[in-house]
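Report on the structure given below.
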Amino acid sequence: MTKQYAFHFNSNMCTGCKACQIACKDKWDLPVGVTWRRVAEYSTGNWTTNPDGSHTQNVSAYYVSIACNHCQNPLCVEVCPTTAMHKREDGIVEIDTSACIGCRYCEWACPYGAPQFNAALGVMTKCTFCSDALDAGGSPSCVAACPSRALDFGELEELKAKYGDVQELAPLPSADLTSPSLIISPHRDAAPVGAGAVANPEEV
């Protein structure tokens, strides 16, 4: 593998507008129920009643934009029985829909919920990193659409040098599972994994 493309996400910059999600859905004409990039709202903290009847709180919330992380150790590729799920030389994980049998093993294996079943086509689908645009010298649609520049992309090692090496943020799972090609600038109120809850589960 000559390179590993990766995403960078800055949670301090994300306003939860979902422009990234809409741009992806629009470009790929995704049907209802199939959303390759999702934006989760994560809320933490609580209110406390003091002995004098006053209240104090440490409530906070932030957004997490997530798509396929084109992992260095993709479980989806490992479990695919037909090799339809495979990794390109540039690190992008793709699906050969002509070989996909729609067994959904990749969907069950992925801790990020990236592969999604398209019932109309009978096959699995997922974020392609907009490889068509990259091959033409362009950018992924989600990155190009973000009005606050919370998203960036590039080669993994270059992103690490620029932004650091944090790769997990609640509500995402441990990076140890798949070594995601994702670098995160955590929100200033970032919560420990398990300390809060997704406030918009029906949207993600």
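The values are calculated or read from the model by the stated rules, or taken from the named source; none is laboratory data. Just so it is clear, the model here is predicted, and its values are computed rather than measured. All Cβ positions, glycine included, derive from the backbone under ideal geometry; neighbour counts span all protein chains shown.
All but one of (1) buried (at least 19 other Cβ atoms within 10 Å of the Cβ); (2) in contact with a Lys or Arg (Cβ under 6 Å, 6 or more places away or on another chain); (3) over 22 Å from D29 (Cα atoms) hold for A114, so report the exception by its number.
(3)
Which of (1) farther than 21 Å from T35 by Cβ; (2) without any contact (Cβ under 8 Å) to a residue 24 or more places away in the chain; (3) buried (at least 16 other Cβ atoms within 10 Å of the Cβ) does E155 not meet, given it meets every other one?
The number of the failed condition is (2).
Inside segment 129-140, can you point out the residues that are crowded, with 21+ Cβ neighbours inside 10 Å and either assigned to a helix (DSSP H, G or I) or in contact with a strand residue (DSSP E or B) (Cβ under 7 Å, 6 or more places away or on another chain) (or both)? If you could, list the steps in order and put the result at the bottom.
Going through segment 129-140, the residues crowded, with 21+ Cβ neighbours inside 10 Å turn out to be 129-130, 140.
Scanning segment 129-140 gives F129, P140.
Which of the residues belonging to segment 104-128 are under 16 Å from R37 (Cβ atoms), part of a strand (DSSP E or B) and of a type in the set (V, I, T)?
Result: T125, single match.
Taking the residues in segment 31-78 that are surrounded by fewer than 16 Cβ atoms within 10 Å (Cβ to Cβ) and aliphatic (A, V, I, L, M) as candidates, determine which candidate is nearest to G154 (Cα to Cα).
Among them, the one singled out is A61.
For segment 20-53, name all the residues that are over 18 Å from F129 (Cβ atoms), over 13 Å from the mean Cα position of the chain (by Cα) and of a type in the set (A, V, I, L, M).
V32, the sole residue that qualifies.
I'm told R149 meets every condition in (1) surrounded by fewer than 18 Cβ atoms within 10 Å (Cβ to Cβ); (2) assigned to a loop (DSSP other than H, G, I, E, B); (3) more than 16 Å from the chain's Cα centre (by Cα) except one. Can you identify the failing condition by its number?
Just one mismatch for R149, condition (3).
Given the conditions (1) modelled with pLDDT under 95; (2) β-branched (V, I, T); (3) within 20 Å of G196 (Cβ to Cβ); (4) exposed (fewer than 15 other Cβ atoms within 10 Å of the Cβ), which single one is not true for T15?
If we test T15 against (1) modelled with pLDDT under 95; (2) β-branched (V, I, T); (3) within 20 Å of G196 (Cβ to Cβ); (4) exposed (fewer than 15 other Cβ atoms within 10 Å of the Cβ), just (1) comes out false.
Taking G138 and the conditions (1) in contact with a Pro (Cβ under 6 Å, 6 or more places away or on another chain); (2) free of Cβ contacts under 8 Å to residues at least 40 places away in the same chain, which numbered condition does it fall short on, given that it satisfies the others?
(1)
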